[in-house]
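Structure record follows, encoded as structure tokens.
The values are calculated or read from the model by the stated rules, or taken from the named source; none is laboratory data. Predicted model only: the values in this text are computed from it and were never measured. Please note: Cβ atoms are built from the backbone with ideal geometry, for glycine as well, and neighbour counts cover all protein chains shown. Quick note on the areas: whole protein, heavy atoms, side chains included, nothing else; ligands and nucleic acids left out. Shrake-Rupley method; radii C 1.70, N 1.55, O 1.52, S 1.80 Å.
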Amino acid sequence: METRAVYPGSFDPVTNGHIDLIQRSSALFDKLIVAILRNTEKTPLFTVPEREEMLEHAVRGLKNVSVTSFAGLLVDYAEQIGASVIVRGIRAVSDYEYELQMALMNRRLSSRVETVFMLPAESYSFLSSKLVKEVAQLGGSIHGFVPADVEQRLRGKLRVKQE
Ligand code: PNS
């Protein structure tokens, strides 16, 4: 039977760390669905369609990967799309506590969906969307942290914000 996995997140914006994890996961599962959370509480820098576009561009070479968005409970969404696995990345021990809490809550909510923790390449272990945005905002180089099109979009977005 085909194993479908969902890789949820904010992806505001997608980083090379996310892409590394997507590549690793796509090699493990038959189908990987990258799912952007439509969160009304957070104020993201990029809209959901913008984030979707950047992700789609990043995964264009991976045939078994698709990009979508979701709202509501992740486990409900996973069941709805027939995913039996939730993929989450763990960069350092500091990520573990929050991820453990989420994984156990999700397990309590649905016993049909299993969380799998993946490790990104060591070279991306310090990378986060939040830090990339901060560095870009303060005029630092984000080259190598995000794909070139994301770098360009970030610069454009921040220029507009500053004007
Ligand atoms: O990239 P992020 O912001 O760390 O991703 C967090 C995400 C989207 C995985 C998490 O907030 C989530 O699953 N939200 C959906 C709502 C939900 O199911 N909440 C209960 C999770 S225990």
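Values for this structure:
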item: Segment 42-111: equivalent-ellipsoid semi-axes (sqrt of 5 x gyration tensor eigenvalues, Cα, Å); result: 23, 17, 14
item: Long-range tail of P(r) for segment 30-76 (Cα pairs > 18 Å, %); result: 33
item: Number of Lys pairs (Cα under 24 Å; 8 or more positions apart or on different chains) in the chain; result: 9
item: By average C-beta atoms within 10 angstrom, highest first, the peptides 36-42, 2-8; result: 2-8, 36-42
item: Heavy-atom accessible area per residue - segment 3-54, 1.4 Å, Å²; result: 42
item: Alpha carbon Rg of segment 1-61, scaled by the compact-globule rule 2.2 N^0.38 Å; result: 1.15
item: Mean Cβ neighbour count within 10 Å, used as a protection proxy, ranking 49-57, 9-17 highest first; result: 9-17, 49-57
item: Accessible area per residue, Å², segment 84-142 with all protein chains present, probe 1.4 Å; result: 66
item: Efficiency of FRET from Cβ geometry, VAL135 and THR43, R₀ 25 Å, rounded to 0.05; result: 0.85
item: Carbon/sulfur fraction of accessible area - the chain, other protein chains in place, 1.4 Å, %; result: 53
item: Semi-axis lengths (Å, descending) of the ellipsoid that matches the C-alpha gyration tensor of the chain; result: 27, 16, 16
